[in-house]
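Written below as structure tokens is the structure these notes are about.
Read-outs: derived from the displayed coordinates by stated rules, not from any lab. None of the values given here were measured: they were computed from a predicted structure. Glycine also receives a Cβ, built like all others from the backbone with ideal geometry; neighbour counts cover every protein chain displayed.
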There are 2 protein chains.
Amino acid sequence: MASSSPRKSADTAERTLDVAERLVQIRGYNGFSYADIAAELDITKASLHYHYRGKAELGQALIARFSARFALALESIDRDATDARAKLDAYVNIYSAVLRGDRMCLCGMLAAEYETLPKPMGEAVARFFQDNETWLTNVFAQGQAAGSLSASMTPSQAAQMILSGLEGTMLIARTEGGLPRFQASARSLLDALTA
Amino acid sequence: MASSSPRKSADTAERTLDVAERLVQIRGYNGFSYADIAAELDITKASLHYHYRGKAELGQALIARFSARFALALESIDRDATDARAKLDAYVNIYSAVLRGDRMCLCGMLAAEYETLPKPMGEAVARFFQDNETWLTNVFAQGQAAGSLSASMTPSQAAQMILSGLEGTMLIARTEGGLPRFQASARSLLDALTA
DNA sequence: GTCTATAGGCAGATAGAC
DNA sequence: GTCTATCTGCCTATAGAC
């Protein structure tokens, strides 16, 4: 925006998203409140309502930013990495960075709470997974064409296997094993799909 | 127990677990209340507190029953199925039955909410995954010895891949694709591990 | 074993002053 | 933009009658 005020290091709306994002990734959408955010930002709940009309609106903004950031990261990978396996390794690194903060993937967390989410949030979560699957499918098709990735399943099947494998591993690693466990499992997963 | 009263078809304590289990599997531990259960059973919240002192105690009972039932199912598989691949297919069928009711695995759901759970609940969830991994590791070792399962990774790695793959697929399938998607992904997963 | 009644707290949200 | 003050409703939980 950069419209009205003399641009602080991070305005309240953005810092609200930062705090809320972390809370959702660690505690879940039904596990945090406006009061939690207000306390961390040292403002009142009423002030938060100025920036986001309600929790549902905040939730949508959260997914929108997360998805946009993820899309940028994927574009960045497409620019920097050449072969398919390198792209997949970089893809795994995105998840590793999340888990390093003891966080769950935002959309993985919201997927668990899917039945309790406002409809627009649920739809945005589903789109996130679709977009990731599309990207992974393309990467896998590229890898198969180059002969570097296993041709024992379709690119679409492999994409689902990677996506759900990483989300599931994240989910379980948070209860035990943490980042080391996640990285070992991710390596096994990719190795199983490498020709 | 079967101690005091003339044993009804299902006493309140048991029916409470049935309702609470479904609510947790669909909405999560932080997404249901005593009021929800009371309404379904047509009793008051106060009556529920007679059977389970508080929500944390109910939560522990939930995991205990779920884990015990799961353990019985695994014993049953060990009796009925002969080769390793048949055991894994039967294992997947347990998950399919859960998803058929639009439910998430109880412990998969609780894993997402791990950071908000009372300590005893969190520990019980971690144990559930450990027990499953142990069983799967043994099945995989058996399959490798018989030459029916892929020897390209250790039994322990394969067990983690199956467990997290199924949990992750369940998580995502609930947002889109449902049971058909889960079953297709599970088949891909097992096929990838079959020699 | 189930009830009524109630406590005490926290949730999401709004009105209106500054 | 942020505040104080407040609302309404739901949450978990308890005391005590039946």
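Shown is the FRET efficiency for B:Ala64 and A:Arg187, computed with R0 = 41 Å from the Cβ-Cβ distance and rounded to the nearest 0.05: 0.75. Helical runs (DSSP H, four residues minimum) scored at -39500 (n - 2.57) apiece and divided by the length of chain B put the mean residue ellipticity at 222 nm at -24500 deg cm²/dmol. Cut-off under 19 Å on the C-alpha distance; same-chain residues fewer than 8 positions from A:Lys87 excluded. Which aspartates and glutamates are left, in chain and number order? Within the straight-line cut-off, A:Lys87 pairs with A:Glu75, A:Asp78, A:Asp131, A:Glu133, A:Glu167, A:Asp191. Aspartates and glutamates within cross-link reach of B:Lys45: Cα-Cα under 12 Å, excluding same-chain residues under 8 positions apart? Cross-link targets: B:Asp36.
In chain B, Cα pairs under 8 Å separated by at least six residues give a relative contact order of 21 percent. Converting the Cα gyration tensor eigenvalues of region A:126-194 into ellipsoid dimensions via √(5λ) gives semi-axes, longest first, of 23, 15, 8 Å. Per residue of A:101-111, other chain Cβ atoms within 10 Å of the residue Cβ number 3 on average.
Taking one quarter of the surface of the convex hull spanned by the alpha-carbon atoms of the protein assembly as shown gives a direction-averaged projected area of 22.0 nm². A cut-off of 5 Å between modelled amide H atoms, ignoring neighbours fewer than 5 places along the same chain, links B:Thr194 with B:Ser150.
The Rg/Rh ratio of chain B, with both radii computed over alpha carbons and Rh defined as the Kirkwood radius, is 1.02.
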